Every structure is written in C-alpha cells, then in structure tokens.
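Here the structure is laid out as structure tokens; the discussion comes afterwards.
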Amino acid sequence: MISRPPTSTTPPSASIAEPPMVLPGPVIVDPLGSTRGAARPAPFRREGPDKLTGRAIYVDDLVVPGAWYGATIRSTEPHARFLGLELDPAFDWSQVVVVTAADIPGENVVASIQADQPVLVTDEIRHHAEAVALLAAPDREILRAAKRAVRLRTEPLPAVFDPLESDHEFAHNEVGIGDVDVAMAGADLVIEGTYRVGHQEQLYIENQGMIAIPRDDGGVTVHGSLQCPYYVHPALKRALALSDSQAVVVQTETGGGFGGKEEYPSIVAVHAALLARKAGRPVRMIYDRHEDISATTKRHPAVVRYRTGVMRDGTLVAQDIDVVMDGGAYCTLTPVVLSRGVLHAGGPYRCPDVRIRGRAMATNTPPNGAFRGFGAPQTEFAAEMQANRVAEALGLSPLALRRRWVYQLGDMTPTQQVLRESVAGQEVLDRAAEASEFERTRERTAPGRGGGAQGRAARRASGIGLALAWHGAGFTGSGEVKLKSVVYLDMDVTGRPTILMGSTEMGQGTKTIFPQLVAAELGIGEDDVDLAPVDTSVVPDSGPTVASRTAMVVGGLVIQAARRLREQVETATGRPFSASASDYGQEHGPIHIEQRFVPYPDIHFDDATYTGDAYPCFGWAAAVAEVDVDLDTGEVAVRSVVAADDVGRVLHQVLAEGQVEGGTLQAVGYATIEEMQVVDGRYRNDRLATYLIPTALDAPRIETILVESPYSGVPHGAKGVGELPMDVGAPAVVAAIHDATGVWIHDLPATPERILAALRAAR
Amino acid sequence: MSIGFRVNGEPVELEVPGMRRLLDALREDLGLTGTKEGCGEGECGACSVILDGQVVDACLVPMCQVDGSDVRTVEGLSDTTGPLSPLQQAFLELGGAQCGICTPGMLMAAQAYLDAGGGPEDGSIREAIAGNLCRCTGYTKIVDSIARAAVHDLTV
C-alpha cells in the first residue's frame, strides 16, 4: 500500500568509512571502574546518512495512494456546553466524511493516568482547542471548504484560568523529613520567595502527524511521529474496540519530541483511525504549526512558594515549599509531572527539616503534559533562586554556599532516601566553576551588582551566574517495577543478531547506541547488528521513550540480553561469538532472547507514604552562564554557557554532548524569550512568528563537560542525559542577569519588560 | 500554467497553478520529500532550498516565480550512489544532525553560504543560518560542521 523512495540503513557508499578500528575486541565496561580493553571509535549516527540526503521518511513524506486528508474541528471557547454540530446544507457533504463522538465504536476516551479526556466532546467543552468533530476529504481544497461549512452550537460556561482559583485537583503530593516549623523558628534568617514559571512549547520542528490505514482484519495500522508506540496502541484498542493484533502502530522517522510526542500522538492516531474507519480508506492527519502550537501539550506552568531557613554561618536548616501546577483541562500525565517536581523541589541540598507540598489543578486551558525535565525545571528554578538569594543575604559566594550545601555520599533526601552511590553534585559544580573561572569572572562583574558604579553610567552590564541540580534517573518510585519493560534479541541462522524493542529514535541517538552496546558485548561490528523497525506487530513494549530512561534502563536490558546470547553460543561452540555464531545458527537454528526488567537491587519505594528510594540514583548538572544585559532595552544576550553533567557513563561522546547542548539552549529559551501568552484560556502567540525560540544568533557558545559517576545497578553504569541540562540553564541565566543588574527576576521568562520593570523598581 | 525549471540540474516541466507553493511542487509533484515543511510561513527554514544561488523558503515561493530558474534541494547535494558531500560528511561526523527534520534546510543554507565563499568564522556562520531553526542541537555542532566544511575543498 505504501510506496516510498528507496531507503537504506547502511551508508550509501563505502566512502562513508568509519574510522579504522584500533582493536577488534569488545569494550568491556566495568561500571565501577575504568573501561578495560581498547576503546574503539564511536560509530556515526546510524540513520545519519538518510537524514543528510533527504532519504529519511517522516510521516508527511509517506506516499499513500488513495489517502484522504483529515482535519479536526475544535472548540473556540474555553468552557461551554456543546449543543450540536451544524453542517451548512448548501455544502456538498457527499464528498466529505464527518466523524463525531457517535461514530466511536469503543470507549470515547484517550486514557493516560485518568480516563477523563474524550476522543471527541459529547457535552462539555473544557478548553478552546478541544476536538469536537473530525473531517476527511479527498483533497485539501474540499477539506478547507468543509471546515468553513461547520458551525458549533454552544452555550458558554464560566471558565477558570488561574490554578490558584481552581477547585478541581488532579493530584497532590507531600514529602518531608524532620519538623520544619520548629527548625524554621530556630533559623537565624528566613528567606522567602514566590516564583512563577509559564508554559513552554516543545517546538519540535516536525509537527504532529499520523496516517491511518484500514486493515483487512477490520483493524487499523497507523504510521506516525511518536515517542511511545505502546501508548498509542492501547489508545487505539480502547477507542476503536480492537484486539491486540488489529491495532498496529509504526513509528516513522520522528523530527523531535522532547516530551511533546509522549502522549499527544495517541489523540492524533485515534482521530486519524476513526476517519479512516468511516471513510474506508487511508487518512492523513498532519497538523500545521498553528494547530500544533494551539492544541498540543505544553510544559506545566507553576507557582512555587519557598521559605528557606539558614544560620548565619550558612548552614541550611529548613525548607518549606509549596508547589502549584496548572494541569490544564485534562489530567494527562500531570500527577507524575507534579510528583517529579515535588521530589526535586528542595534542590540537591542536604537539609534536616524539609516539607514539600504540591498540588496540580485543572484550568480551562489546553492540557499540559510532558516536556524535557518533567516538572523538575519548574521547581529547581525556585530552589536555585532561593540558594542565590540566601548567598546574597549572607554575603557568601553562590559557589561557596553550594559547596557547603550540596549532597554528599551517605546524605538523606526528603523521602528518606540515603544516597549510597553515584553522587556527583560537588564534582559537576567544581568542574563547571573551574572551566568558567566563575569566581574570577564574578569579581570582574562585581561593580555591576546592586546598581553600583557600572550600573548607573553604563548602558550595558555583564554578569555571570551559576546553578546546580539533581535529576532522578529513570522512572519515579516504583514506575520501572510496574512497567516490566521487555526487549528481544534475536539471532538468525546466519548468526546475525537483531534488536527488537519499542524504544524510539527521535534524534537523541537510540538507533546508534543500542547496536553499539550489543556489538561491544558480542565482539562484532555495529553494522553487524540489525534493529527491527518500531512496529507494535514486531517489537515488544520496552516502556516509553521518556524520562531519560532509555540509555540507562533499556540499554541495560539490551546488554543483559547480549550477554545471554553470547553465553549460549559460546557455551555450545567453545569459540568466540564473532567466530562461531554462524556455525551455531546453521547447526542449532535461530535464538530468541527475551530480557525483562528485574528490579534494581536494594531499591524500595513506598507509594503510600512517598518514602524510600524515589529514584535508583540521580544525575547531577551544573551550569555557568554569562550574559550581557542592555540596560536601556532590558534585552539579554546569553554569551556563553559552561555545562557540566554527570551522566553515569558516556556511551557516545558526540551524541551525549549533543543532548547537553540542545537541552541547554532549550533552557536558555525558557529563561529569556519563550513565553506563551494566555488570554482567556487561549494562546495568543500560537504561531512560529510570535512564539520565539532561539536562533543560531541567540544561542550562546556551549561548552560541555561530561562527568562519569556510574550507577552499579545497570551493567554499563549509564544514568541518562536528556533532561539534566534543562534543570540548570534557566536559573543560571537569571543569576547572571542579577549579577549584571542587581535585580532578581522571579518569573520566567526574564523578558525585557520584566527586567526593565525590576530595574525601575530598584531605583 | 506550464512552468519549466531545473531541479538539481535536471530540467522539469510542470503544469501547475501559478500560486502553487514551490514546496508542494517539490514534495508532491516531483516526489522530492527531502525538503521539509515546519511552519508554512517562512519562520523555521526547514524548507530552505537554493533558488538561482539564493537561499529561499520554498513555502513562500509561488511556482510562477520559478519559471526558468535553477532549484537545488538536499537531494542534489550528493550523488545518490556516491559519497556524501564534504558538508554532509562534516554533519555526520561532528553531530550536526539529530532528529534530522531541520537538516535538509540547514544544509542548503550552509551550502549557499559556502558557495558564496563563506569561511569558518563562528559569527558569519551563525548569521548565515539564522533563518533556520533547530530545536535539538543548540547549534554548536551545526556551526562546527559548517566550519569544518568551510576549510575543506568544496567541489560539489
């Protein structure tokens, strides 16, 4: 049914030679020691040649003969009673398929944590971009005309836009140790602050898109841009009343996700599938940028109220934190986002008495969801602002204060988790401070602070700022235990292995590092390891590609599978896998290895009391940013960022650096220019011309320092890298703005308007 | 209307409405899906192609303006059966592409910069790709890739 240009996963020519191997032997990684054996050069990005020549096939590149074009009719009101759909009788509806909730054969729900979000509205509209009906037409002109011929009859209802005024709670969490009230009363100094962070759009450059193709068995196959095939699969089954085998999900090349393609693709897929079912033909549901920005999930806005108690000598004695997140109209992943936000809200700092309370509230705005960092960037911004303000109040350097506070081996977190290994907060802090010459530069910028000599006369001011963060590796709490992720490693009769997993490539390098891990274990080349296509009829559920868990958790499973494969072959043949696999295959036939997640040793979390090991271990990140601030216009230029990130073990230097650099720039955007203006529950700047992200000219030079403090629970020691840089970029930039101007910006982003207002207030 | 032009050196003739977007003509009429659509309003640069030596957003160019022109797309940067171009190879080796959706447009903006004699200077490379948004890389490795290509012999 689908024809596509020839593609290949191998380089198009022998001239794309990989660097010569130093030694043919495998790299043996000892998680608690150094790399033994000879390191071989990391492979180039596996699908790189396809992406660089235009041969990679993204969803909108698929040619599907006979496919119609789909569109979504959305509410234009934030909260209303839905009374009916009016189809203009003057329009020729015979050439269009219309789907409403009445056409849903299964349950009218796109379930995530709660089953609260309908596929299509039946009675109550809860946000302005809510899907009410679907249309499909043979070409775009007819589709556009049909959209214009649809009217919604509604009756407006009062809407809530402020989470602090909402009485509908999606989730709440509370963690704590000690007695905060007593400790706070005994503190020499209490610093209080309220911090507000707004929506942030993932802004993957490839919009959401799905193509649904009816199957002969009455089911549907969807091809699309997604992070989690096994989220889309159950969504299709439930809404379309399909069996496991009738719903098939195939990932196309995915042009960025950043969390934005974690759960929303389920909605796009179900919509496309309903249209395809009714039309009896394939339907393309490809969003344009305007629709993507106005309807899809964003980073949760949050209000964080924070009280920090310290002694004169700088000792941290109490933290009392209240987090309120805006979940939007439906629950989506909000409880888990809130949980991660709460668990990280204290920052990576030892404190005997801590209370962190969080709640996530419903508003009549489009649902918020996953975005790189998943709640932690919001709360750690507040934590870092507090640390900097305490340092200022005590006359201490922000670096010295953090050296004093940062978690060390053996310290206990607010969930009573004892940090038993892989604790590298101090190391990333020192490495970033040293590489950026933090203290020396800060001496130079000192005259600018507090409106001093440089401040009054100068039209520009320079500053340097620092931030430190921790980020729980893998899923929160008992998440991995419940997920029970699986990977398969198959060897065919020629001795060639294939990895089968549901983990997805979306730019971060999954397709490159997994063959690399298997090849290293088996003592063969990466090109001698195949990857099965991400197709739910072929690959198992390896868990979602989220939470920086893929390299760590699924990577660990793949290594364990490879070790079993190697042992099985070598035990039978008595020779190395590389020399005997094909003989084994010819004699004994193919091998199928299933590797299931086994809980990490000595990791226990109690969901009921929210105590114990919230994460098996943590990654650690520090950033130092230098900025120039135009004191007339309030504009900020971020000149440089030094980022030091502890990722456990570097599996691929170039890819890991790429994650740090990309995450750092997203954080710089969050800090300075990325602002979603919400008016009456609608995003006013819902176009790329008005929602700005950093260009190459806005981007600082980013220097990456990768620190390796491995985790012993996984064979390779890797802890994940994707989200770490997102936690530190914004507070580092805002600290640098303070260093330059003497004013604190409490709300993100630190726009010119906010900076000028703060400067005026300070004068 | 009938529009004749060259795509990657090959003459083509299309019977299309004059206001049809060059982007759609490339992707749908000619099957050259390497050129991507990111925003459809000239903000992201994912659809950048080289039109008579100039980088343009193919989503903003109507076909009536293409008559008699030379269009270069990512598919023309290297021979399908041959090696990658030095620019593509630099992106591959240095990590200039991640998710890959901005990559074709980024490569075309970079190629136009190199064709115009651009050098390895950080500031001028950033200027040249300022119209091309990338959300994955932070641009550092893209700038490095173009800089490397700029100091290599470019006979593409």
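The values are calculated or read from the model by the stated rules, or taken from the named source; none is laboratory data. Source: prediction; values computed, not measured. Heads up, the Cβs are rebuilt from the backbone with ideal geometry, glycines too, and the neighbour counts pull from every protein chain shown.
Applying the criterion of at least 1 residues that are more than 10 Å from chain A (Cβ to nearest Cβ) and at positive phi to the helices (runs of 4 or more DSSP H) found wholly in region B:87-156 leaves an empty list.
As a summary of the residue check, B:Thr81 satisfies the conditions (1) outside the structural domain of B:Asn132 (by TED's automatic domain parsing); (2) part of a loop (DSSP other than H, G, I, E, B); (3) under 23 Å from A:Ile205 (Cα atoms) except for the one numbered (3). Which one is farthest from the other protein chains (Cβ to nearest Cβ), of the residues in region A:239-257 that are under 28 Å from A:Ala56 (Cβ atoms) and among the aliphatic types (A, V, I, L, M)? Looking at residues that are under 28 Å from A:Ala56 (Cβ atoms) and among the aliphatic types (A, V, I, L, M), I get A:Ala247.
Results for (1) within 30 Å of A:Val518 (Cα to Cα); (2) surrounded by fewer than 24 Cβ atoms within 10 Å (Cβ to Cβ); (3) hydroxyl-bearing (Ser, Thr, Tyr), shown as yes or no for each residue.
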site: A:Ala667; (1), (2), (3): no, no, no
site: A:Arg682; (1), (2), (3): no, yes, no
site: A:Thr690; (1), (2), (3): no, yes, yes
site: A:Glu708; (1), (2), (3): yes, yes, no
site: A:Gly720; (1), (2), (3): yes, no, no
site: A:Ala730; (1), (2), (3): no, no, no
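Here A:Val569 does not qualify as aliphatic (A, V, I, L, M) and either in the same structural domain as A:Val733 (by TED's automatic domain parsing) or assigned to a loop (DSSP other than H, G, I, E, B) (or both). Checked against the criterion of being modelled with pLDDT of 95 or more and over 16 Å from the mean Cα position of the chain (by Cα), region B:43-57 has no qualifying residue.
Inside region B:70-91, residues that are surrounded by fewer than 20 Cβ atoms within 10 Å (Cβ to Cβ) and closer than 13 Å to B:Met106 by Cα make up a count of 0.
The residues of region A:363-395 that are in contact with a helix residue (DSSP H, G or I) (Cβ under 8 Å, 6 or more places away or on another chain) and among the hydrophobic types (A, V, I, L, M, F, W, C), listed by number, are A:Ala370, A:Phe374, A:Ala376, A:Phe381, A:Ala383, A:Met385, A:Ala387, A:Val390, A:Ala391, A:Leu394. Taken as a whole, the condition of being more than 30 Å from A:Ser709 (Cβ to Cβ) and within 10 Å of another protein chain (Cβ to nearest Cβ) applies to A:Ala696.
Taking (1) within 11 Å of chain A (Cβ to nearest Cβ); (2) in contact with a Pro (Cβ under 9 Å, 6 or more places away or on another chain); (3) surrounded by fewer than 17 Cβ atoms within 10 Å (Cβ to Cβ); (4) not β-branched (Val, Ile, Thr) in turn, B:Met19 satisfies each apart from (1). Determine, yes or no, whether B:Asp79 is touching an Asp or Glu at 6+ places or on another chain (Cβ under 7 Å) and under 26 Å from B:Ser145 (Cα atoms). So B:Asp79 does not fit the description; no.
Only a single criterion out of (1) of a type outside the set (Gly, Ala, Ser); (2) assigned to a loop (DSSP other than H, G, I, E, B); (3) within 20 Å of the chain's Cα centre (by Cα); (4) within 14 Å of chain B (Cβ to nearest Cβ) is not satisfied by A:Arg687, namely (3).
Summed over region A:390-433, the residues that are within 27 Å of the chain's Cα centre (by Cα), among the hydrophobic types (A, V, I, L, M, F, W, C) and closer than 29 Å to A:Trp744 by Cβ give a count of 6. Looking at region A:93-204, the strands (runs of 3 or more DSSP E) lying wholly inside it that each contain 2 or more residues that are assigned by TED's automatic domain parsing to the domain that holds A:Cys228 sit at A:97-99, A:131-137, A:150-156. Does at least one position in region A:615-629 carry a residue that is small (Gly, Ala, Ser), within 30 Å of A:Thr494 (Cα to Cα) and not in a loop (DSSP other than H, G, I, E, B)? Within region A:615-629 (the criterion being small (Gly, Ala, Ser), within 30 Å of A:Thr494 (Cα to Cα) and not in a loop (DSSP other than H, G, I, E, B)), the answer is no, since none of the residues qualifies.
From the set of residues in region B:37-50 that are in contact with a strand residue (DSSP E or B) (Cβ under 7 Å, 6 or more places away or on another chain) and in a loop (DSSP other than H, G, I, E, B), which is farthest from the other protein chains (Cβ to nearest Cβ)?
Only one residue fits best here, namely B:Cys47.
B:Asp144 satisfies every condition listed in (1) exposed (fewer than 15 other Cβ atoms within 10 Å of the Cβ); (2) farther than 19 Å from B:Asp52 by Cα except (1).
When the residues of region A:44-61 are filtered to those that are of a type in the set (A, V, I, L, M, F, W, C) and out of contact with any Lys or Arg (no Cβ under 6 Å at 6 or more places or on another chain), the one that is farthest from the other protein chains (Cβ to nearest Cβ) is A:Val59.
Just one of the listed residues (A:Ala671, A:Ala622, A:Ala637, A:Ala643) is hydrophobic (A, V, I, L, M, F, W, C), more than 15 Å from A:Arg431 (Cβ to Cβ) and buried (at least 24 other Cβ atoms within 10 Å of the Cβ), namely A:Ala671. Among residues of region A:433-446 that are within 15 Å of A:Thr704 (Cα to Cα), those with a beta-carbon under 8 Å from a residue that is β-branched (Val, Ile, Thr) at least six positions away or on a different chain give the pairs A:Ala433/A:Val624; A:Ala435/A:Val624; A:Ala435/A:Val642; A:Ala435/A:Ile705; A:Ser436/A:Ile464; A:Ser436/A:Val624; A:Ser436/A:Val642.
Inside region A:498-518, residues that are among the aliphatic types (A, V, I, L, M), in a helix (DSSP H, G or I) and away from chain B (no Cβ under 14 Å) make up a count of 2. In region A:630-644, the qualifying residues are those that are closer than 16 Å to A:Leu697 by Cβ and of a type in the set (Asp, Glu), and the one that is nearest to the chain's Cα centre (by Cα) is A:Glu635. If you check B:Asp57 against the conditions, is it more than 12 Å from every other protein chain (Cβ to nearest Cβ) and among the charged types (D, E, K, R)? No, not satisfied. Scanning region A:519-529 for residues that are in contact (Cβ under 8 Å) with a residue 40 or more places away in the chain and not in a loop (DSSP other than H, G, I, E, B) returns A:Ala519, A:Ala520, A:Glu521, A:Leu522, A:Glu526, A:Asp527. Filtered by the rule that a residue be buried (at least 20 other Cβ atoms within 10 Å of the Cβ) and over 14 Å from B:Gly4 (Cβ atoms), region B:23-33 gives B:Leu23, B:Leu26, B:Arg27, B:Leu32, B:Thr33.
Output the residues belonging to region B:4-23 that are in contact (Cβ under 8 Å) with a residue 60 or more places away in the chain and within 19 Å of the chain's Cα centre (by Cα). Result: B:Phe5, B:Arg6, B:Val7, B:Asn8, B:Gly9.
Based on what the data block shows, is A:Val423 among the aliphatic types (A, V, I, L, M), surrounded by fewer than 24 Cβ atoms within 10 Å (Cβ to Cβ) and not in a helix (DSSP H, G or I)?
yes
When region B:72-86 is limited to residues that are among the β-branched types (Val, Ile, Thr) and within 20 Å of B:Ala58 (Cα to Cα), the one that is farthest from the other protein chains (Cβ to nearest Cβ) turns out to be B:Thr73.
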